[in-house]
Amino acid sequence: MSNHQPAVNSILIEYFRIRGWSPFPYQEATWDAYLRGLSGLIHAPTGTGKTMAVWGGPLLEWHREYPQADAWPALTAPPLRVLWITPLRALATDTYSSLCESIEALGIPWTVELRTGDSSSATKQRQRKRLPTTLITTPESISLLLSYPDTRRMMSDLRCVVVDEWHELMGTKRGTQTELALARLRAWNPAVRMWGLSATLGNLEQARDVLLPNAPDAPLITANVGKETVVETLIPASMERFPWAGHIGLKLLPEVLNLLRSAESTILFTNTRAQTEIWFQALVDHAHDLVGATALHHGSLERDLRAEVENRLRDGRLRVVVSTSSLDLGVDFSPVDQVIQVGSPKGIARLLQRAGRSGHQPGATSVIRCVPTHAFELVEFAAVKRALHAASKGGPAVEARTPIAKPLDVLVQHLVTIALGGGFRSAALLAEVRTSWAYRGLSDAEWQWALDFVTHGGVALGAYDQFTKVVEHDGLYSVESREIARFHRMSIGSITSSASMKVAMLKGGNLGTIEESFISRLRVGDRFIFAGRVLELVMVRDMTAFVRRATSLRGIVPRWAGGRMPLSTQLAAAVRAELDAARRGIYEGPEMQAIQPLLELQQRWSRLPEPDMLLFERTKTSDGFHVFIFPLAGRLVHEGLAALLSYRIARAAPRTLNAFATDYGVELLSASPLDLDEATWRAMLSTDGLLEDVLTCVNSSELARRQFRDIARIAGLIFSGYPGSGKSTRQLQASSGILFDVFSQYDPDNLLIDQARREVLNDQLEIARLRALLEGIQEQTLCFVDTRRLTPLAFPLWADSLRAQEVSTERWEDRIKRMVVQLEADAEHA
Amino acid sequence: MIELTLAPGLQVQPLPQRALYWPAEATLFVADVHVGKADVFQASGIPVPGAVNAADLARLSALLACTSAQRLVILGDFFHAAASQSAQVLARLGLWRRAHARVEILLVTGNHDLHAGPPPADMAIVACGEAVRIGPFHCVHAPEPNPPSYTLCGHMHPVAILAERAGGRYGTRSARLPCFHVGTRQMVLPAFSSFTGGKSIVCRPGDRIIVTTGDEIFEAAIG
């Protein structure tokens, strides 16, 4: 790969040399491929120079076109050449500094600018007249640009599109949104080169195909940059007093404090924003020496607060940052000494990514110290270590991300966006949309439905007389109403945000955003913890919760939606392997040795799961009669199993069951004993009629209705308003639940309703994995153990099941009649 | 059927169709009808099926027919917004009004009516201003802090959150149902429009909660 022009290459070689580096072979290979006009996907761990790998090509291309460096200062900055798409705003700032640094050092007369949801309106206005040479932006902002007719002209000299953190985007609707934008940019200029950057992923080739469906031979460049990851687990000194369940982990606070004091800088990762707030409070309360050098970082915080934390960490003024995933992407600021992970990372890829935040120099070793929050996480840590070890030996590596196929909500949004951006003709846009991976199989009927949806509101006859959105004249579809244009542009960015409210101090100053559902449960005067402070709710106005600092030190911690990550399939398999080894008396490594007494207790009271056996435990508590089943297959598929079993059991004999799922298994709880014999259980676990039964579960439960929330927002059915938007938008507010009901009743063929059901089936209940699980169970023996009390395996399930969901075949009205009006004081149990 | 005795000799019937009937005076009370709400959404590019409006009016017709009510009192928010008074909506409404020409209709002004404006004169809907007295009832749109006499109102779109209790914990399967929030001095009616959300109620001692599933109505136990 060294047949590129050395003269052209030399400026970068020199740039590297001054910094005491030399390019990695994979970086040079990327520059070479770029200069040969290729697109591709780069796969490299965090901190191995991905940015320079992909940024070098466009710089070299410029140098080739303008070899006279001494003439550069006199040049005005050229129009847009490089579009840099990044999923996270925190990442955008960082990319910005690093790109600026290199062009300044090289004296290249380019402009680099950011455009994200955080950019000022003045910046956005200016950028609508002229784009910088390099624009760093988010998927939403690209869509927004596509909604302006003159964007095409301003992008006429576009050479390169970089999609950073593609592994994060793929598999999300923002990824689909990105696919549609890329399809459009390719249609405008087929010569544009597109480069994806991805961390470790189980399905890299597919990731490349989704990004570059037009280039099946595009290079997949792997950085063979040795970077070792060492995982260490903090083992509790006394397992006897270590909790069997829970997710806070403060039990090990003293040990964690010692670690924090021993390092110059630490990122302490937790899994949820709530945990972040709790840990931050604990550090402030117990480590007075670290107060002032400890900060909090999560995605719900206001941008200024986040930026300040990032800057202070960069300058070495912070010693500890408590963070959720908002910092675990490849933010390239100077590495920290130490990374601590509280709770199970639930996936191998996530652990690797977080570990990568330490030892950031290529070739350095990343160390991550894991803090268990309950006993069984020791098994998960042992499993992660085992899996990493296997991966380094060429074994199956990390998790795959499944791309989303043709989500109609995203398509509907895109149609309006393009109608705004100069309009479209049906056949041409259909052809363009079908060049994307997501919509390659879009049927004519689906396309027609989406087109009807944006022009007539839907196909239900006469149902939408007053509807206007996209209008068609002589085959050209466009948006005429300025108000609709304004609403649409405001809602483009809403793919990510769930219904959220701003949190602002009464005296001024924004703190961030919080789920509306949380605020709506609070009453004025209630206290809660947010942004590391105890706050008191003063009033709620115009989508803003005004707060003041509370005098009390205690408050409730908000629970953000979607905070809990399920165990990945890979890690679940590794956990099963660890437990199977334990069953055979093999306890390898400090984690397994620490948990040995507990697993032996499990064996005494019941059994440990075996590969060819499915374990059932039956027990009675004051709650009722429990059946615990332990397939150890991860929470998502267990949720499907729980819904299916409770539906089938209740169908056989009408009754109400509470069903609950965790990563380890399923709990069924009933008021009377569940006396099913083995043959009946076999029938309940059969794959016969699986799809029909699961569909019935979906329809009878709130699942589809809840899933419709995001769909409705993306498809532009919900206009959530914005602070100060006033009365005109308040008249347009309706909850997605009501919309779901109205559609189900008056426009049942609406494909968005159908999409909600499919998303529940495929994404939430993972019907494919559920089928595979049931097929596996056919080969297993069923083993029933009656236990006198909750076993170590059952206890965490029971403890978590306070949020149980149930399925019932009783008449809905009959059930409601037995219900009671829930009192406000009990809201937190809901 | 549920019959509530609000005072000695004063009986009213909350109906599952989200209306209150006072048999002694053949008077039907509804609140928050929000006529033309779907149309406002449609005009702004949000495709809410217009059938939801038609269904609401049909339900009101059926109520008038089966109760043989002589008088209909609308406790505010008859129209959703100014844009709701479109030619199409008014045409539909005109047909409906002619079908019930003998029924006296009174409208208490609600906050939405302030923006939407009064119904056209040919609808023969008597605008009563902010409050009207109907027999013993003080009729207003929003709840009164100090009801002068037994008050009927709407505005809140009250919803009760019901949950099952088993073994000391609530099941998560809960239901949000529109309800009549019946206090000792004031009753808040559920929103008549089926295209409305709701605000969960805060119970005070002595309150009674009558929930409706649309087909059935029953009193919910509290706590």
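A short reminder: the numbers here are calculations on the coordinates, not readings from a lab. The model shown is predicted, which means the values in this text are computed figures rather than measured ones. Cβ sites come from the backbone with ideal geometry, for glycine too, and all protein chains shown count toward neighbours.
Can you give me the long-range amide H partners of residue A:530? Hydrogens built in the peptide plane at 1.01 Å from N, cutoff under 5 Å, separation of 5 or more residues or another chain.
A:535
I'd like the trypsin sites (Lys or Arg not before Pro) in the stretch A:111-144 restricted to DSSP loop residues with at most 13 other Cβ atoms within 10 Å, sorted by number.
Hits after loop and neighbour filter: A:130.
Would you list, by chain and number, the aspartates and glutamates whose Cα falls below 12 Å from the Cα of residue A:50, excluding same-chain residues fewer than 8 positions away?
Once the sequence-local aspartates and glutamates are set aside, what remains near residue A:50 is A:28, A:164, A:165, A:332.
Beyond 55 Å, what percent of the Cα pairs of the protein assembly as shown remain?
Numbers: 111414 of 553878 pairs.
Of all Cα-Cα pairs in the protein assembly as shown, 20 percent lie more than 55 Å apart.
Mind listing the Cα extents of the stretch A:423-489 along all three principal axes, in Å, largest one first?
Dimensions of the stretch A:423-489 along the principal axes of its Cα atoms: 33, 26, 24 Å.
Please rank B:209, A:714, B:134, fewest neighbouring Cβ atoms within 10 Å first, as an exposure proxy.
B:134, B:209, A:714
Measuring from centroid to centroid over Cα atoms, what is the spacing of the stretch A:383-451 and the stretch A:179-249 in Å?
Between the Cα centres of the stretch A:383-451 and the stretch A:179-249 lies a distance of 17 Å.
Taking loop as defined by DSSP and a crowding limit of 13 other beta carbons within 10 Å, which trypsin sites (Lys or Arg not before Pro) in the stretch B:76-152 fit?
Taking the stretch B:76-152 and a limit of 13 other Cβ atoms within 10 Å, the loop trypsin sites (Lys or Arg not before Pro) found are B:102.
Based on the alpha carbon coordinates of the stretch A:229-392, what radius of gyration and maximum Cα-Cα distance (Dmax) apply, in Å?
Every Cα atom of the stretch A:229-392 included, Rg and Dmax give 14.9, 44 Å.
If you line up the long axis of helix B:51-67 against the longest principal axis of chain B, both from Cα atoms, how many degrees apart are they, to the nearest 10?
Taking Cα atoms only, the helix is inclined about 70 degrees.
Can you give me the relative contact order of the stretch A:229-392 as a percent, contacts being Cα pairs under 8 Å and 6 or more apart?
Dividing the mean separation by the residue count of the stretch A:229-392 yields 34 percent.
Shielding by partners for B:208-221, please: the mean number of other protein chain Cβ atoms within 10 Å of each residue's Cβ.
2
Can you give the Rg to Rh ratio for the stretch B:1-123, taking only C-alpha atoms and Rh from Kirkwood?
For the stretch B:1-123, the value is 1.00.
Going through the stretch A:625-685, which GluC sites (Glu not before Pro) have at most 10 other Cβ atoms within 10 Å and a DSSP loop state?
Nothing satisfies the criteria.
Between beta-carbons, use under 9 Å as the cut-off and find the net charge around residue A:640, counting Lys and Arg +1, Asp and Glu -1.
Every neighbour counted, the sum reads -1.
Taking amide H positions as placed 1.01 Å from N in the peptide plane, with prolines and chain starts having none, which residues 5 or more places from residue A:114, or on another chain, fall under 5 Å of its amide H?
Residues meeting the amide H criterion: A:136.
Assuming R0 = 41 Å, can you tell me the calculated FRET efficiency for the pair residue A:405 and residue A:191, based on Cβ-Cβ distance, to the nearest 0.05?
E between residue A:405 and residue A:191, to the nearest 0.05, is 0.90.
Using the structure shown, select from A:469/B:37; A:124/B:37; A:406/B:199; A:173/A:502; A:173/A:469; A:124/A:507 the pairs with a Cα to Cα distance greater than 26 angstrom. List each step's numbers first, then the result.
Values: A:469/B:37 17 Å; A:124/B:37 35 Å; A:406/B:199 36 Å; A:173/A:502 24 Å; A:173/A:469 23 Å; A:124/A:507 29 Å.
A:124/B:37; A:406/B:199; A:124/A:507, as the Cα separations exceed 26 Å there.
Which ³J(HN,Hα) values, rounded to whole Hz and listed in residue order, are derived for the stretch A:446-458 from phi using the Karplus coefficients 6.51, -1.76 and 1.60 in 6.51 cos²θ - 1.76 cosθ + 1.60 with θ = phi - 60°, glycine and proline given as x?
Values per residue, Gly and Pro as x: 5, 4, 4, 4, 4, 5, 4, 4, 7, 9, 10, x, x Hz.
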